[in-house]
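K.L.:
Before I ask anything, here is the structure I am working with.
The values are calculated or read from the model by the stated rules, or taken from the named source; none is laboratory data. Worth saying up front: this structure is predicted, and the values here are computed from it rather than measured. All Cβ positions, even for glycine, are placed from backbone atoms using ideal geometry, and neighbour counts span all protein chains on display. Heavy atoms of the whole protein, side chains included, go into the accessibility calculation; ligands, DNA and RNA do not. Shrake-Rupley method; radii C 1.70, N 1.55, O 1.52, S 1.80 Å.
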Amino acid sequence: MAAALQTAALLSASHNLIDPQRFRVGLLARSLPGRRGSIFVVRADGRTSGFFNAKSRSGNLITNAVATKADASTSSTASKPGHELLLFEALREGLEEEMDRDPHVCVMGEDVGHYGGSYKVTKGLAPKYGDLRVLDTPIAENSFTGMGIGAAMTGLRPVVEGMNMGFLLLAFNQISNNCGMLHYTSGGQFKIPIVIRGPGGVGRQLGAEHSQRLESYFQSIPGLQLVACSTPYNAKGLMKAAIRSENPVVLFEHVLLYNLKERIPDEEYVLCLEEAEMVRPGGHVTILTYSRMRYHVMQAVKTLVNKGYDPEVIDIRSLKPFDLYTIGNSVKKTHRVLIVEECMRTGGIGSSLRAAIIDNFWDYLDAPILCLSSQDVPTPYAGTLEEWTVVQPAQIVAAVEQLCE
Amino acid sequence: MAAATAAAARRVSCSLLRRDHGHLLPLLRPFASSAGGQPQLTVETSVPFTGHKIDPPSRSVDTNPSELLSIFREMSLMRRMEIAADSLYKSKLIRGFCHLYDGQEAVAIGLEAAITKKDAIITAYRDHCIYLARGGSLVESFAELMGRRAGCSKGKGGSMHFYKKESGFFGGHGIVGAQVPLGCGLAFAQRYLKEGTVTFALYGDGAANQGQLFEALNISALWDLPVILVCENNHYGMGTAEWRAAKSPAYYKRGDYVPGLKVDGMDVLAVKQACKFAKEYALQNGPIILEMDTYRYHGHSMSDPGSTYRTRDEITGVRQERDPIERVRKLIVSYELATASELKDIEKEVRKEVDEAIAQAKESPMPDPSELFTNVYVKGFGVEAFGADRKEVKAVLP
């Protein structure tokens, strides 16, 4: 039974490989046994910087992870390669591997050490690495972010955790003025290889101040790179890439995605920070999304497919800079764009993305770009109102229908 | 004759109590009647006050039986409300964050006993009981916690955003430490408008390490603002103990040039005395810091069990030795203002009141979807936001 399923996966995988139009991003080339020397930087068009085997069994990788329970029909876990874990465990794995690899990597944040992290991302790291590498800070975001930036200037690679992205507003001066600017104003002398990470987004009735979707606030800061993870696979890959990057990276996680389960490869892999992820190749319309909205989009896609549409879904992942290569190829194919995001409508990521697409791909568009974002209101506490604040799958379906008519 | 026997019995019972629980009971003194017919009681606080750059007030606090009984009732009400909120959270009627105040009731009640509704109070997210003390109703609290229309913020704020403008309660803030500059601003307005009132800005030991606090304190001291910074030191900033977050856990001394007072926050009469003293001081001289040595029985919030960073023995130890309600109960019983069974009746009554309030709050409906867009701006701007699917009203420019 297991063997039959695996063969089926192989067959479908090779079918994917043959069709160049459909095969895009994020597939891991798995050829070498053993871990040493086999890290891969996975790129959009299948190029890798490590060892590459043309007959790679891409079917083992879940490229369109949707937040559903693990399929009951799949064979027992023992026969599938890789290991299953939750998103916060994937982040921890990435962090731990980087801390093992490079003694300059340290973690700073509130309750990350002995408490184990408020979302358990740093659980177990403090006993393993000690108090100097996993630092419990007092509640003083402005100062410890500033200290992280100062440490980065001399060669350390701190990972600063904001317990919630909203708290990083307290550190905004340090992030904007120092973190983003120092490499430029010093003429290239100082590098700031810092990673600032934390959960944001609308959770389950956490109140206005703890449900901020403020990716766009950081968007204008020159010198920063912004990425948003959405699955355990890309969470681990982006975490590792962010730590290895010489630039300051802000990694946006989402409060509601920490318990997503997925099977990720055993081998070491690093994803490309500037890359978008093709979640579902299609032809009628391009849906651009990131973070939690990816799952709302995939839920809407189920309805859309039943209605006969063939949407192409891209998880843009890199919020700054945008992966206009992947996006552009998609626009040239479908000619219709829908952006679905959790950010605010006014000045959100979606509005800049829309401007970028219009600037670059105007001639390829057959319809105005539609952008669904969250309402310009503080997130209310009441559950029903909170649902209305963010985009729901029904609205996505309606928007696609409107675009395609 | 009967009076003498009664007095003798009182003395015996007092000394008995003192022998058994000497370290708990305040030293008792016989009371004399005041002119108004209410007997005046003088009670000593559990420990003397410690001052920083100031002479601490006297340890003897004046009170009277009706005050003590109402204190007991209010504290039991608060305790009951928080425990009811705990079970409502576990049955998923309250969602999100819920930070409970049980164990710290003495601070809320003692503070309220020392001031008027014209004075302002601002605090952080552990605000349910302070809201109650400022005159908020149980129904409004529970309705807000459950996100209903009848809530004090119409269901849009939640646990961390309780406010009551008429009684000078300014919330209710989720970002740690951010309420302290706000509080200093309230005091600035009070000084500007020459109101003769003060502001109490409450914060925790975790927030005491925020830079904005020291910035605001500097400005307040410079401008002689009538603000009292009250550090509710429950010794844990979420999961981090105070000795791991602060080099100097003597929070009352951290004002440096601003005087401070350390108070036993589990003794409601000590809190009352300190706040009265602080109010008089602040009206004359500017800011002062009060550190309330208190304790929370629950974890930081409902998602924190509260036992990973402290031992259960510690929690039960504090509950046995320093519980604020028990202290007042012993006071009342020893002064024979009420019998133990009468106090139990009060607690039963309180429990019933809380249950009725919960039932009433549950009946309140959820807010209407149109409420999503109300109160973003003050009406009159002429803008309407529109729905995500673009099928609703478009924005109307003024």
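K.L.:
Residue by residue through A:107-114, how many Cβ atoms from other chains fall within 10 Å of the Cβ on average?
P.N.:
Mean number of neighbouring Cβ atoms from other chains: 3.
K.L.:
For B:Lys352, A:Lys320, what's the largest-to-smallest order of accessible area, 1.4 Å probe?
P.N.:
Largest accessible area first, the list is B:Lys352, A:Lys320.
K.L.:
Next question, about the same structure. Pick out, from B:Ser66, B:His99, B:Tyr131, the residue whose Cα sits farthest towards the positive end of the charge dipole of segment B:58-135, with +1 on the Cβ of Lys and Arg and -1 on the Cβ of Asp and Glu.
P.N.:
Of the listed residues, the answer is B:His99.
K.L.:
Can you pull the one-decimal nm distance between simple spin-label points at B:Trp243 and B:Phe214, each 7 Å off the Cα toward Cβ?
P.N.:
2.3
K.L.:
Now for a separate question. Let me have the 222 nm mean residue ellipticity of chain B computed from DSSP H runs of 4+ only, each contributing -39500 (n - 2.57), with the sum over all residues rounded to the nearest 500. Walk me through the intermediate numbers first.
P.N.:
Details: 12 runs with 165 residues, N = 398.
After summing the helix terms and dividing by the residues of chain B, the value is -13500 deg cm²/dmol.
K.L.:
Using only atoms on other chains, find how many Cβ atoms lie within 10 Å of each Cβ of peptide B:211-223 and report the average.
P.N.:
For peptide B:211-223, the averaged partner shielding equals 1.
K.L.:
Using a Gaussian network model on chain B with a 10 Å cutoff between Cα atoms, which of B:Gly211, B:Gly265, B:Gly110 fluctuates the most?
P.N.:
B:Gly211
K.L.:
Kindly identify segment A:162-288 as rounded, prolate or oblate by the Cα gyration tensor criterion: order the square roots of the eigenvalues as a ≥ b ≥ c, call it rounded if a/c is under 1.5, otherwise compare a/b with b/c, prolate if a/b is larger, else oblate.
P.N.:
It comes out oblate by the Cα gyration axes.
K.L.:
Would you please put B:331-338, B:214-221, A:182-189 in order of how densely packed they are, using the mean number of other Cβ atoms within 10 angstrom per residue and starting with the highest?
P.N.:
Averaged packing, sorted descending, gives the order B:214-221, B:331-338, A:182-189.
K.L.:
Give me the net charge for the shell around B:Thr197: Cβ to Cβ below 13 angstrom, other residues only, Lys and Arg +1, Asp and Glu -1. Please report the intermediate quantities before stating the final value.
P.N.:
On the way: positive: B:Lys117, B:Lys118, B:Arg191, B:Lys194, B:Lys279; negative: B:Asp119, B:Glu195, B:Glu280.
Result for the local shell: +2.
K.L.:
Determine ³J(HN,Hα), in whole Hz, for all residues of segment A:311-324 in sequence, where each value follows from phi through the Karplus function 6.51 cos²θ - 1.76 cosθ + 1.60 and θ = phi - 60°; x replaces Gly and Pro.
P.N.:
x, 9, 10, 10, 8, 5, 6, 8, 8, 8, x, 6, 7, 5
K.L.:
Considering the dipole of segment A:261-405 built from charges on the beta carbon (Lys and Arg +1, Asp and Glu -1) around the Cα centre, which of A:Ile357, A:Thr303, A:Leu370 is farthest to its positive end?
P.N.:
A:Thr303
K.L.:
Sticking with the crude label model, points 7 Å out along Cα→Cβ, report the distance from A:Asp359 to B:Glu353 in nm, one decimal please.
P.N.:
6.3
K.L.:
Largest first, how would A:Asp359, B:Asp127, A:Asp131 line up by accessible area (1.4 Å probe)?
P.N.:
A:Asp359, A:Asp131, B:Asp127
K.L.:
With only Lys, Arg, Asp and Glu charged, each at its Cβ (+1 for the first two, -1 for the last two), find how big the charge dipole of segment B:142-226 is about the Cα centre; round to the nearest 20 debye.
P.N.:
Values: 8 positive and 6 negative charges, 103 e Å.
Computed about the Cα centre, the dipole is about 500 debye.
K.L.:
Normalised by the residues of segment B:256-353, what does the relative contact order come to in percent, with Cα pairs under 8 Å and at least six apart? Please list the in-between numbers first.
P.N.:
Numbers: 65 pairs, mean separation 23.5, N = 98.
Value for segment B:256-353: 24 percent.
K.L.:
OK, next. Going by accessible area, probe 1.4 Å, with all protein chains left in place, what is the ranking of A:Arg345, A:Arg294, largest first?
P.N.:
Values: A:Arg345 45, A:Arg294 0 Å².
Listed by decreasing accessible area, they come as A:Arg345, A:Arg294.
K.L.:
While we're on this one: Under the rule a/c < 1.5 gives rounded, and otherwise a/b versus b/c splits prolate from oblate, where does segment A:250-337 land using the Cα gyration tensor?
P.N.:
oblate
K.L.:
Contour minus end-to-end for A:Tyr325 and A:Asn173, with contour as 0.36 nm per residue of separation and end-to-end as the Cα-Cα distance?
P.N.:
51.5 nm
K.L.:
Decide, for segment B:220-351, between rounded, prolate and oblate: order the square roots of the alpha carbon gyration tensor eigenvalues as a ≥ b ≥ c, take rounded if a/c falls under 1.5, and otherwise choose prolate if a/b is larger than b/c, else oblate.
P.N.:
oblate
K.L.:
Return the long-range amide H neighbours of A:Leu135 (sequence gap of 5 or more, or a different chain), with a cut-off of under 5 Å between placed amide H atoms.
P.N.:
Here A:Val107, A:Met108, A:Gly109 satisfy the definition.
K.L.:
Per residue of A:368-381, how many C-beta atoms from partner chains lie within 10 Å of its own C-beta, taken as a mean? List each step's numbers first, then the result.
P.N.:
Values: counts 0, 0, 2, 2, 3, 1, 1, 7, 6, 8, 5, 3, 11, 19.
Shielding by partners across A:368-381 averages 5.
K.L.:
Give me the net charge of B:Ile358's neighbourhood, meaning all other residues with Cβ under 13 Å from the Cβ of B:Ile358; Lys, Arg count +1, Asp, Glu -1.
P.N.:
Details: positive: B:Arg80, B:Arg148, B:Arg351, B:Lys352, B:Lys362; negative: B:Glu82, B:Asp86, B:Glu140, B:Glu144, B:Glu353, B:Asp355, B:Glu356, B:Glu363.
Net of charged neighbours comes to -3.
K.L.:
Same structure again: Which residue, B:Lys90, B:Lys156, B:Lys276, tops the fluctuation ranking in a GNM of chain B built on C-alpha contacts under 10 Å?
P.N.:
Maximum fluctuation in the GNM of chain B, among the listed residues, is at B:Lys90.
K.L.:
Take each of the peptides A:170-177, A:206-213, B:139-146, B:343-350, average the number of other beta-carbon atoms within 10 Å over its residues, and list them starting from the highest.
P.N.:
Per-residue mean Cβ counts within 10 Å order the peptides as B:139-146, A:206-213, A:170-177, B:343-350.
K.L.:
May I pose another question? At 7 Å along the Cα-to-beta-carbon direction for both B:Asp313 and B:Lys362, put a label point, then send me their distance in nm to one decimal.
P.N.:
My value for the distance between the label points is 4.1 nm.
K.L.:
What figure, in Å² to the nearest 10, do you get for the accessible area of B:Tyr163 with a 1.4 Å probe and non-protein molecules left out?
P.N.:
Estimated to the nearest 10 Å², B:Tyr163 gives 80 Å².
K.L.:
Residues with beta-carbon under 11 Å from that of B:Phe169, excluding B:Phe169: net charge, scoring Lys, Arg +1 and Asp, Glu -1?
P.N.:
Net charge in that neighbourhood comes out at 0.
K.L.:
Would you mind telling me which residue in B:Thr294, B:Thr374, B:Thr311 has the biggest mean-square fluctuation in a Gaussian network model of chain B, where springs connect alpha carbons within a distance under 10 angstrom?
P.N.:
Answer for the Gaussian network model of chain B: B:Thr374.
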